[in-house]
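Data block below; observations after.
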Amino acid sequence: MADVLLPSADDAYSSPDAQGFYGAYGGTFVPETVMPVLAELEAAYREAQADPSFAEELSLLLTDYVGRPSPLYRADRLAQAAGLGAVYLKREDLDHTGAHKINNTLGQCLLAKRMGKHRVIAETGAGQHGVATATTAALMGLECAVFMGTEDIRRQSLNVYKMRLLGAEVVPVAEGTGTLADAVTAALRHWVERVRDTFYVIGSVVGPHPYPQIVRDFQSVIGKETIAQIAEKAIPQVDAVVACVGGGSNAAGMFYPFIHDVPAADRPLLIGAEAAGLGLDTGKHGAALTKGTPGVLHGFYSYVLQDDAGNPREAYSISAGLDYPGVGPEHSFFKDQGLVRYEAVTDTEALEAFALLTRTEGIIPAIESSHALALLPRLAKELGPEAVVIVNVSGRGDKDMDIVREAGLGID
Amino acid sequence: MVSTDVERGLGRGFARGHAALVAYVMAGYPDRASSHEALSALVSGGADVIELGVPYADPVADGPVIASAGRHALASGFGLAEAIELAAEFSAACPEAPPIALMTYVNPLLRRGFERAASEAAEAGVSGFIVPDLPPDQPFAQKWRSACEAHGLDTVFLAAPTSTPARLEAVGACSSGFVYLVSSLGVTGERATLAEDLPSLVATMREYTTLPVAVGFGVSKPEQAAKVARVAEGVVVGSALVRRQHDAGSLERQVRQIAEAVHAVPISPR
C-alpha cells in the first residue's frame, strides 16, 4: 500500500503557524466571503488527519488507481550522457493521468466529499491538474468545472479534449495573457460566488492557507517513497535531488520529506528548477524565486514577479505548468532558510534535456519536468563524474508534442 | 472600536440625517482628466462618501465592469501613487467634497510600504481605506491598522453573508468609519435582485458594531438603493457608476437619481 504522509496536527514543523505562515510567507489574503470556508476546510482536514479511515481510503486509491509507488528508475544511459555517476528518475510520469497531480486531486476530492460538497472546480495551466481533477470527479461522481486560459487551451488542446471526455466543463479565461495566473483568478472569483456548494481543488502549493499545506501533504507521498526506495535499493549516497518549480507542488512533495525526515548532515542537496523562459534578463520568464520580490498574489504572501506598483507581472515559459508569476509560500521559506537551492532553466535548455532523456532512455518527459532534467549537466560540473542525482520526472510529455514540434525539435 | 477625527473621518458622510450613498469610481479611468470630472459629478450628484478605486491587475473581488476599467487605467500607468495624487488634486480643488475612501488591494500597499502609503494618503486628504483582500484578523491587518491610526485614517473591513459571529466581531472591532457589508456571494457587479435575507444580515452585523453599516455588491438601481437604505445606514454603488464613468453628464444623472432615492430615507438615531 502506498504510504500516505499526513503529519499530525501537533507536529510543529509540519504545520505553518496558526495564521498559515511559513516564516514570513503564506497567510490568507482573500475576500471575507471565503474566509469562513477556509476555516471549515482547515477543520475538515484536521479531522481527516485524525481519522485512520481517510488515510486508508486515500492509500488504497493511490495504490490500485494511481499505480503507486511509482518506480525509482536507474537511468544509466542518461547518466553517462550527462557525465554523472548515476541518475535515478522518480517516475511520476507513470502515475495514472500522466503526472503527479492526481496524488493531490484524490486527497482533495475525498475532503470535498467529507465536507458534503458535490461540485468541484479547478484551475489548470498545462492541463495536467485539470485532467487529474476531471478524472477524480468522474471517479467520485462529482460535478466538475475547470478554468483554463485561452492561450493554454491553444497550447494544450489534447488535455482540453480529455477533460471534456471525462465530463468536465472547461471554462475558457480570456483575461490577461490567458494563462495559469488568469485561470487562478477566474477560479477564485467563481469560488467566491459558489462557495456554499463548491470545493476549490487548488492544483499546487499555492493559494490561501490551508491549501499550501494540504497540497504539500498529499504530494509528500513522492518524497516519502523516494526515501524508502533509496534504502530498498541500497543506494549508498545521493548527492542531489532535483525537481521543477512552477507553483511548486511536485518539488514540495519531493523535498519536504527530505527536510522533515532526513537529518541535515545526511540530506542531499535539494534543488528546484524554475523557468528562465527566454532568459532571466529578458523579462520573459517565470522565475519568481530567482528574480521576484515578496508580495501578495492569489491569496498568499510569497516571492512574486511584480512591477513597482505591486501588480503581478506576466510570466512566460515554454511550459504552461511553469508559466506562473508566483510560487508556493513554503518554497519562499525554504529559499530564505537555505534549505533548498533554486536555479533557473531556459526554454532552450529544457528542450535539450527533453531530447536527451527521450533519446537515451526512451522516456518522453513533460516539458515542465525537462527543466529539472536540464540541471544534470550543471550538476556534473559542480559535483563531479561520480555524483548520484535523483530527478523527479513529474509528468510525461504526450501533451507537449505540438509545442516540441513547433520548437523544431526532433526528426528533420 | 477606534475613534477617529470626526471632522475628516469617513463617519462624516453618515451624519447628514439621511441614509448615505457611497459612490465608487475608478481612479484613472478612462484617463486622469475624466477622473476629475467623474469625481466632480459624484459631488454634484449628491454622493455622501466617495470610494476611489485603485487600478490593480488581479482584482479578485471585482466583477467585469470594475476589473475592465481597472485594466484600462493600469495600461495608462495608473496605480496607487497616481490615485493618491488624484485625490490630493481633487481635495485641494474641492475642499467641501465628501470624505474619500481609497479602495485598494493589499499588494500595492505592501509594495509602497504601509507607513508611506498611509502617510501620503492622509497628506492627500483621504479619510480612510477599504482593502477587500485583507481580512481583519490577519497579522498584516494589525500592522495596516497601526499605520492608518497613526495618520488618522479610517480602516473599513468587509463582512460577508458567510461570516461567522466570531468573524463579524473581528470586523466590527477592527473597523473605523463604517463597516462594509457584502450583500451577496460573488464579486462586485450589478444584480437583478438583492439577497432576501439582507435585513437579518444587517441586524446580525449590528450586534457587533455601533458603526454605520454600508451595504454593497450588486446595488445598481435607485429602487434597489432605496430598499437597502431602509435597512442600513449606507448604500455602496460601484459598477453601475463605473459603467457611465466615461461620460460625466450621464454619471452625474445616475448618481443624482440614486442619491435622491437614498436620501429620501431618513435615518433613525441608534
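Worth a mention:
- CD proxy at 222 nm, helix term only [per DSSP H run n ≥ 4: -39500 (n - 2.57); per residue of chain A; nearest 500]: -12500 deg cm²/dmol
- Comparing mean-square fluctuations of A:A137, A:A181, A:A387 from a GNM of chain A with C-alpha springs under 10 Å, the top value falls on A:A387.
- Residue separation of B:S44 and B:Q257 scaled by 0.36 nm, minus their Cα-Cα distance, works out to 75.5 nm of gained length.
- Our estimate of slack between A:A265 and A:L158, defined as 0.36 nm per intervening residue step minus the Cα-Cα distance, is 34.0 nm.
- The accessible-area loss of the range A:32-48 on complex formation, taken against its chain alone with a 1.4 Å probe, reaches 20 Å² or more at A:E32, A:T33, A:M35, A:P36.
- Alpha carbon centroid spacing (whole Å) that separates the range B:16-31 from the range B:190-225: 17 Å
- Of the complete DSSP H runs in chain B, those spanning 15 angstrom or more by Cα along the long axis with a mean Kyte-Doolittle score not below -0.5 are B:32-45, B:64-75, B:80-93, B:248-263.
- From the largest down, chain B spans 43, 41, 33 angstrom on the principal axes of its Cα atoms.
- P(r) tail fraction, the protein assembly as shown - alpha-carbon pairs more than 38 Å apart, %: 36 percent
- A versus B: buried accessible surface, summed, Å² (probe 1.4 Å, to nearest 100): 2900 Å²
The values are calculated or read from the model by the stated rules, or taken from the named source; none is laboratory data. These numbers were taken from a predicted model, which means no experiment stands behind them. Ligands, DNA and RNA are excluded from the accessible area calculation, which covers all protein heavy atoms including side chains. Shrake-Rupley method; radii C 1.70, N 1.55, O 1.52, S 1.80 Å.
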